[in-house]
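The values are calculated or read from the model by the stated rules, or taken from the named source; none is laboratory data. Computed from a prediction, not measured in an experiment: that's the story for all the values here. In this analysis, Cβ positions are derived from the backbone assuming ideal geometry, glycine residues included, and neighbour counts consider all displayed protein chains. Only protein heavy atoms, including side chains, enter the accessible area calculation; ligands, DNA and RNA are left aside. Shrake-Rupley method; radii C 1.70, N 1.55, O 1.52, S 1.80 Å.
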Amino acid sequence: QKEVEQNSGPLSVPEGAIASLNCTYSDRGSQSFFWYRQYSGKSPELIMFIYSNGDKEDGRFTAQLNKASQYVSLLIRDSQPSDSATYLCAVPSGGSYIPTFGRGTSLIVHP
Amino acid sequence: DAGVIQSPRHEVTEMGQEVTLRCKPISGHNSLFWYRQTMMRGLELLIYFNNNVPIDDSGMPEDRFSAKMPNASFSTLKIQPSEPRDSAVYFCASKDSPNEKLFFGSGTQLSVL
């Protein structure tokens, strides 16, 4: 069974700090990796994806991928209270485009 | 486009009743997914369709659950008979191949008493 693991949190950071969210996956054949953000009572929305080892930056968000260690992380710089949400890691199994979701990490950014 | 549309937003029913959840995917998307989300198990894939054909229903909990997609613009998820342990938020999502981004509907909050 393909697994995607995340620390459920909550992760609490002060406004302006860097929030670091981590995810590990079991399928070495996975080629693409996604981060979804889910506000309380809302549906998940895609905020980042990454395919290659290394870093990918988009505004205040940076996704980091290390395939050898089978982990992917999401960094949020200059965290804002509006970033408070649950962040879901999603990883399609090798050969499939159907993602398996982690259970999510709850992030709280306090003023 | 209005996005993925789900109905109803909330459903409260009694154990043993039939429940039907509805989904309209984004026009032009050829893949549709039904997910269930609970605190204990997170977001679980129940079934997905490609070009209106069910491809993988291995996530459907048991025979009480069934899903159909009679055309490209409509899908249903039915639970009969419903049980309290079915209480969850049910999401429908769609995508177009080969794009891997999923677009989620607003979800249906199901409570079975």
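Taking 0.692 mPa s as the viscosity and 37 °C as the temperature, the Stokes-Einstein diffusion coefficient of chain B based on its alpha-carbon Kirkwood radius rounds to 236 µm²/s. Give the shape of the protein assembly as shown as rounded, prolate or oblate, defined through the alpha-carbon gyration tensor: a ≥ b ≥ c are the square roots of its eigenvalues, a/c under 1.5 means rounded, and otherwise the shape is prolate if a/b is larger than b/c and oblate if not. It is prolate, given that a/c is not under 1.5 and a/b is the larger ratio.
Backbone geometry of segment A:70-78 corresponds, through the Karplus equation with coefficients 6.51, -1.76 and 1.60 at θ = phi - 60°, to 3J(HN,Hα) couplings of 6, 9, 9, 10, 10, 10, 10, 8, 6 Hz, x marking Gly and Pro. Available extension along the chain between A:Tyr39 and A:Ser8 is 9.7 nm, counting 0.36 nm per residue and deducting the alpha carbon span.
Between amide H atoms placed 1.01 Å from N, distances below 5 Å from A:Ile47 occur with A:Trp35, A:Tyr36, A:Arg37, all of them 5 or more places distant or on a separate chain.
Where does the Debye-calculated log10 I(q)/I(0) of segment A:1-103 sit at q = 0.15, 0.18 Å⁻¹, using only Cα point scatterers of equal weight, no solvent? Once normalised to I(0) and log-transformed, intensities are -0.57, -0.82.
With only Lys, Arg, Asp and Glu charged, each at its Cβ (+1 for the first two, -1 for the last two), find how big the charge dipole of the protein assembly as shown is about the Cα centre; round to the nearest 20 debye.
In debye, rounded to 20, the protein assembly as shown gives about 120.
Using the Karplus relation 6.51 cos²θ - 1.76 cosθ + 1.60 with θ = phi - 60°, the per-residue 3J(HN,Hα) values for segment A:97-111 come to 9, 8, x, 9, 9, x, 7, x, 10, 7, 10, 10, 10, 9, x Hz, with x marking Gly and Pro.
Using a 1.4 Å probe over protein heavy atoms, the accessible area lost on pairing A with B, summed over both chains, comes to approximately 1500 Å².
Taking the centroid of alpha carbons for each part, segment B:74-113 and segment B:7-26 are 9 Å apart. Counting, for every residue in A:42-51, the Cβ atoms of other protein chains within 10 Å of its Cβ and taking the mean gives 4. Using a cut-off of 20 Å between Cα atoms, the listed pairs B:Lys78/B:Lys101; A:Lys42/B:Lys68; B:Lys24/B:Lys68; B:Lys68/B:Lys95 include B:Lys78/B:Lys101; A:Lys42/B:Lys68 as exceeding that distance.
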